[in-house]
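Written below as structure tokens is the structure these notes are about.
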Amino acid sequence: MHIHNTLIDDQFAEAFRMWACRLIVTAIDEHWAQVAAREATGYGSSVIGCDAEAGLERTLTPDETPDGRPGVSLLFFAFNAKALAKAIPNRVGQCLMTCPTASVYDGLPGVVKSDDSDRFDLGKKIRYFGDGYQKSKRVESPTGPRRYWRVPVMDGEFVVEESVGCVKAIGGGNYLLCGRDQKTTLDAARRGVEAIAHTPNIITPFPGGVVRSGSKVGSRYKALFASTNHFYCPTLRRVVPTLLQQDVGCVYEIVINGLTENAIAGAMRDGILASIGPDIIAVSAGNYGGKLGKFHFKLRTILGGDATA
Amino acid sequence: MNGYTLTWKSTHSPSPGDGAFLRPDILTGLVPNQLSQYPVRVGRHTVGLGQLFDITGKPGDTLHVKAMPPLPMIGREMASGTLVIEGNAGDDLGASMKGGLIAVIGHARHRVGGPSPTQNRGMTGGEIVIHGNAGDHAGTRMRRGLIVIGGDCGHAPGYQMGAGTIVVGQQIASDPGLSMRRGTILALGKLPELHAHLADAGLFDPSALPAISMTLRRANHLLQTIPDSVTKLQLFTGDRFELSRGEVIQCLY
């Protein structure tokens, strides 16, 4: 299958079960909301080495936030709810409580504990920073009463929601751009990321949404459980078996985490269509032979118009 | 409409002693026949609700009451649902209320959201919205919830309050937050002269107190006349002779 002159490889992206939560972070203006977003989502590219995979879902207008200030919607992914319950209070405590004027609200307020969802404490833990001077405020909302903690800080109050909902989600949707050279392939990757930047329910957690160090499972070194995906390294094409086409000089991977299969499939389709161009020789996808993840996003199916793989 | 409309028709004498029977969490779940037979104490006798009101509508979650005299104790200890009173309410509106919403399109008398005679605490949840004025001691001993008063408010709103929020759209007669331990009183009109029980904690930008902005948005959602153009918040804390964790906030424009 080709789109224009770009080969769409008969491959599938192999994604796996994760858990996700959404935080709504507001601040006095858009600048500080973006500062808060950058801080809170830093060091959040891959759970291989980070406590969570994190990213900016979209920016929010004052009308869309609980306190009427500019804000951002952030998504965080981890392998289970317990890992989120550990990572999020740490990130909020260190990156958002410290950020001038920032407040933190649950972005999944209607979520209750079930097989597919859970809740964990956030403000209920962080409130103790108030050293006994913290207060709570319960406000009714369309999803029921919501309780906020008001922690006194040096610029006023840090407001943080008592608990946060989390749901089953999917991590590791991806596609590989196999291009002629670094510059044109990177431009194509950027086009793809920008095309899906404002898509709801997904994030691209890697730097600028792009990964250059795609990994495979395992390593010749016992201490590592992931190592470079040598099948796609252009400099190794004469040394090891390769999956690269002739003339491919650079590969970038776009990794997409999402709350639903449809959100990931749609983002993969939009990203690929925005990325392909004359210097993109092929589009492929990363997988582990289907043994690791239960979600398989087949490129040709996605681009043929079906929402799910 | 989702729920029942009760229109007062009674020439029955005497009238019911109180309006505690007006609980949407109980009445709106009944079928019309049951509702009509629902017992209401009137003097020494008990009559069916249908003898006091014309009843229209069907089961739902809203109870709409029209043209009723201002009975005391309306919505006493209600836990859920919506009660809309077209007209005035008497004393002890929403006494020891636990949840739901009471909207009064008119005025209310004293001790809105206060304790019912058998309870130590005032309202512990839910929301009361009064489009007109309220009497003295609104929110007495309230423990949680929101009271929004569109007009003026009598003496000592938030008397002995332990938590929760009172929003007053216009004038407060005197002594807001007297003996309050915790909780918030938001004054959108000018505060009266404050006494030593409150301490001036200074002026703040609304962005410094986002929880207050949220509360104002919620109040404006319930009562569309709440202004959202607040530029500064003047914070007073107290009651200094109690726990001193309460706050009385003057909104400035």
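Give region B:95-123 a look and list any residue that's crowded, with 24+ Cβ neighbours inside 10 Å and part of a loop (DSSP other than H, G, I, E, B), or say none.
Hits for region B:95-123 are B:95, B:96, B:97, B:100, B:111, B:112, B:113, B:114, B:122, B:123.
Scan region B:173-200 for residues that are surrounded by 18 or more Cβ atoms within 10 Å (Cβ to Cβ) and within 17 Å of residue B:227 (Cα to Cα) and jot them down.
Residues satisfying the conditions are B:185, B:186, B:187, B:188, B:191.
When you go through (1) more than 30 Å from residue A:37 (Cα to Cα); (2) in contact with a Gly (Cβ under 7 Å, 6 or more places away or on another chain) one by one for residue A:247, which number turns out not to apply?
Just one mismatch for residue A:247, condition (2).
Mind listing just one residue for me: the one in region B:161-181 that is free of Cβ contacts under 8 Å to residues at least 60 places away in the same chain, more than 15 Å from the chain's Cα centre (by Cα) and part of a loop (DSSP other than H, G, I, E, B) and, of those, farthest from residue B:108 (Cα to Cα)?
B:162
For region B:9-46, enumerate the residues that are among the hydrophobic types (A, V, I, L, M, F, W, C) and surrounded by 17 or more Cβ atoms within 10 Å (Cβ to Cβ).
Of everything in region B:9-46, those that are among the hydrophobic types (A, V, I, L, M, F, W, C) and surrounded by 17 or more Cβ atoms within 10 Å (Cβ to Cβ) turn out to be B:20, B:21, B:22, B:27, B:35, B:40, B:42.
Scanning region B:205-227 for residues that are in contact (Cβ under 8 Å) with a residue 24 or more places away in the chain, within 15 Å of residue B:104 (Cα to Cα) and in a loop (DSSP other than H, G, I, E, B), which turns out farthest from the other protein chains (Cβ to nearest Cβ)?
The extreme case among them is B:225.
Here is a yes/no grid of residues against (1) in contact (Cβ under 8 Å) with a residue 24 or more places away in the chain; (2) among the hydrophobic types (A, V, I, L, M, F, W, C); (3) in contact with a helix residue (DSSP H, G or I) (Cβ under 9 Å, 6 or more places away or on another chain):
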| site | (1), (2), (3) |
| --- | --- |
| B:9 | yes, no, yes |
| B:19 | yes, no, no |
| B:37 | no, no, yes |
| B:51 | yes, no, yes |
| B:54 | yes, no, no |
| B:58 | yes, no, yes |
| B:63 | yes, yes, yes |
| B:67 | yes, yes, no |
| B:72 | yes, no, no |
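Just give me the residues in region B:132-160 being part of a loop (DSSP other than H, G, I, E, B) and out of contact with any Lys or Arg (no Cβ under 9 Å at 6 or more places or on another chain), in sequence order.
B:132, B:133, B:150, B:151, B:152, B:156, B:157, B:158
Between B:163, B:208, B:196, B:219, which is hydrophobic (A, V, I, L, M, F, W, C) and more than 25 Å from residue A:24 (Cβ to Cβ)?
Checking each option against the conditions leaves just B:196.
Take region A:202-260 and flag every residue that is among the polar types (S, T, N, Q) and in contact (Cβ under 8 Å) with a residue 60 or more places away in the chain.
Result: A:204, A:215, A:245, A:257, A:260.
Test each condition in (1) under 14 Å from residue A:27 (Cβ atoms); (2) touching a Gly at 6+ places or on another chain (Cβ under 7 Å); (3) in contact (Cβ under 8 Å) with a residue 40 or more places away in the chain for residue A:77 and report the one that comes out false.
(1)
Condition first: surrounded by 24 or more Cβ atoms within 10 Å (Cβ to Cβ) and more than 12 Å from chain A (Cβ to nearest Cβ). Now tell me which residues in region B:124-134 satisfy that.
B:130, B:134
Kindly indicate whether residue A:70 is within 14 Å of another protein chain (Cβ to nearest Cβ), touching a strand residue (DSSP E or B) at 6+ places or on another chain (Cβ under 9 Å) and surrounded by 16 or more Cβ atoms within 10 Å (Cβ to Cβ).
In short, yes.
Look at residue A:273 and say whether it is surrounded by 13 or more Cβ atoms within 10 Å (Cβ to Cβ), touching a Phe, Trp or Tyr at 6+ places or on another chain (Cβ under 6 Å), more than 24 Å from residue A:18 (Cβ to Cβ) and not polar (S, T, N, Q).
Answer is no for this residue.
Tell me, which strands (runs of 3 or more DSSP E) wholly within region A:224-308 include 1 or more residues that are over 19 Å from residue A:2 (Cα atoms)?
Where strands (runs of 3 or more DSSP E) fall fully within region A:224-308 and carry at least 1 residues being over 19 Å from residue A:2 (Cα atoms), they are A:226-228, A:250-258, A:295-298.
Looking only at region B:228-252, how many residues end up being more than 16 Å from residue B:208 (Cα to Cα) and assigned to a loop (DSSP other than H, G, I, E, B)?
Total satisfying the criteria: 7.
If you check every pair at least six apart or on different chains, which have Cβ atoms under 8 Å apart with a residue in region A:123-146 that is over 27 Å from residue B:99 (Cβ atoms) and within 8 Å of another protein chain (Cβ to nearest Cβ) first and a residue that is aromatic (Phe, Trp, Tyr) and outside any strand (DSSP E or B) second?
Short answer, once both residue conditions are applied: none.
Bear in mind that the values in this text are calculations on the coordinates, not laboratory data. It should be emphasised that the depicted structure is a prediction, and the values quoted were computed from it without experimental measurement. Cβ: placed from backbone, ideal geometry, glycine included. Neighbour counts: every protein chain shown.
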